[in-house]
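Working notes, beginning with the structure itself.
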Amino acid sequence: MPEKCWLLYVLLILLLSSPVLLNEDVCDANLKSGDSPGCGCSTSRKKEPATNHWTHENHDQISADEGKLSLDGMAFIAGGAFHIGTDEPVFVADGESPRRPVVISDFYLDTKEVSNRDFKTFVDDTGYVTEAEKFGNSFVADYYLKDEVKQEIQQAVAGAPWWLPVEGADWRHPEGKGSSLDGRMSDPVIHVSWNDAVEYCSWAGKRLPTEAEWEIACRDGKQNRLFPWGNKWNPKGQFWGNIWTGDFPTTNTGEDGFKGPAPVDTFPQTSTGLHNIIGNVWEWTADWWQVQHQRSDEGQDAEGPRDPKGPT
């Protein structure tokens, strides 16, 4: 049975929401596109306090002007030795195998995806312009588009003809010109690139999680399970997340309550307090995508790399 706790059947309208972690070192204030993930800050909560580090005991309220923030709205994720990945992948091309060990330091993760309201606060404060706004377009699943919009589109993604480039689509206009955020301020922000996500995180004094950190948080203390809560998607008929329900990509029944993205505080939380850790939207991590991973030569019980920030 596949082990990887991952984003199955995510809503393909979406270009990407970013739960983020709190930095525990001082960030480089001169972050530029293309710099290393995590804005040059340490991910781990060190066992021994040192300059520019702080411990679990003295974190409660700290000033943003001093490069530190409150942990309100964040969940503490205990580190340790774990296994990530799977030896029985559902989609081999996704590069989730093999199962392999990692060692992760304690960290904090936002309990919710970044909402449109959150992102608007960032934009209002900084004047930031997203890459989709600069490009003038972004991709949207044709299911969400009006016929007159689709008729003007002459291109599509090879192998995914329902994935269309839409003029004017950006975070403020999810389906392109004429669409808006009315009634959607609590929905997760979409049409956000990796560079956009890094800039938001840097402004918030945080960083993107690594894939290993994200997976450990998603597993919620479990191993050999498909989802954070177990192996059934909707145990006892209850939905624990938002996915496409119906015949993809033509029919979405909305039986989980949503035909589009759900508000960021929807559905039951994990034991650490995380909402929507799977489903709803695609989520960025700091790492680059890699399909080749190495299993330790010393076997499944070997201690893996500590706090990996790239392919493992």
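Tabulated data for the structure shown
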read-out: Some residue of the range 108-115 being assigned to a strand (DSSP E or B), over 17 Å from I216 (Cβ atoms) and modelled with pLDDT of 95 or more; value: yes
read-out: Failed item in (1) touching a residue at least 24 places away in the same chain (Cβ under 8 Å); (2) closer than 26 Å to T251 by Cβ; (3) part of a helix (DSSP H, G or I), with A132 passing the rest; value: (2)
read-out: Residue tally, condition of a type in the set (A, V, I, L, M, F, W, C) and either open to solvent by 30 Å² or more (accessible area, probe 1.4 Å) or at pLDDT below 90 (or both), over the range 195-218; value: 1
read-out: Residues within the range 190-210 that are farther than 11 Å from V114 by Cβ and acidic (D, E), tallied; value: 1
read-out: Residues being in contact with a Ser or Thr (Cβ under 6 Å, 6 or more places away or on another chain) and at positive phi - total across the range 190-232; value: 2
read-out: Scope the range 173-189; condition buried (at least 16 other Cβ atoms within 10 Å of the Cβ) and farther than 17 Å from E113 by Cβ; matching residues; value: H173, E175, G176, S179
read-out: Failed item in (1) among the small types (G, A, S); (2) at pLDDT 95 or above; (3) over 27 Å from W162 (Cα atoms); (4) in a loop (DSSP other than H, G, I, E, B), with G221 passing the rest; value: (2)
read-out: The listed residue being touching a Ser or Thr at 6+ places or on another chain (Cβ under 6 Å) and aliphatic (A, V, I, L, M), out of A169, A156; value: A169
read-out: Residue check for D118: more than 30 Å from P308 (Cα to Cα), open to solvent by 20 Å² or more (accessible area, probe 1.4 Å) and not in a loop (DSSP other than H, G, I, E, B); value: no
read-out: Residues located in the range 235-289, provided they are of a type in the set (D, E, K, R) and surrounded by fewer than 23 Cβ atoms within 10 Å (Cβ to Cβ); value: K236, D247, E255, D256, K259, D265, D287
read-out: Tally of residues being within 19 Å of I190 (Cα to Cα) and part of a strand (DSSP E or B) across the range 135-173; value: 13
read-out: Single residue of the range 121-148 satisfying the filter (open to solvent by 50 Å² or more (accessible area, probe 1.4 Å) and among the charged types (D, E, K, R)) that is farthest from D247 (Cα to Cα); value: D125
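The values are calculated or read from the model by the stated rules, or taken from the named source; none is laboratory data. Treat the numbers as computed from the prediction; the structure is a model and nothing was measured. Neighbour counts are summed over all protein chains in view; Cβ atoms, including those assigned to glycine, are modelled from backbone coordinates with ideal geometry. Accessible surface areas use protein heavy atoms only, side chains included; no ligands, DNA or RNA. Shrake-Rupley method; radii C 1.70, N 1.55, O 1.52, S 1.80 Å.
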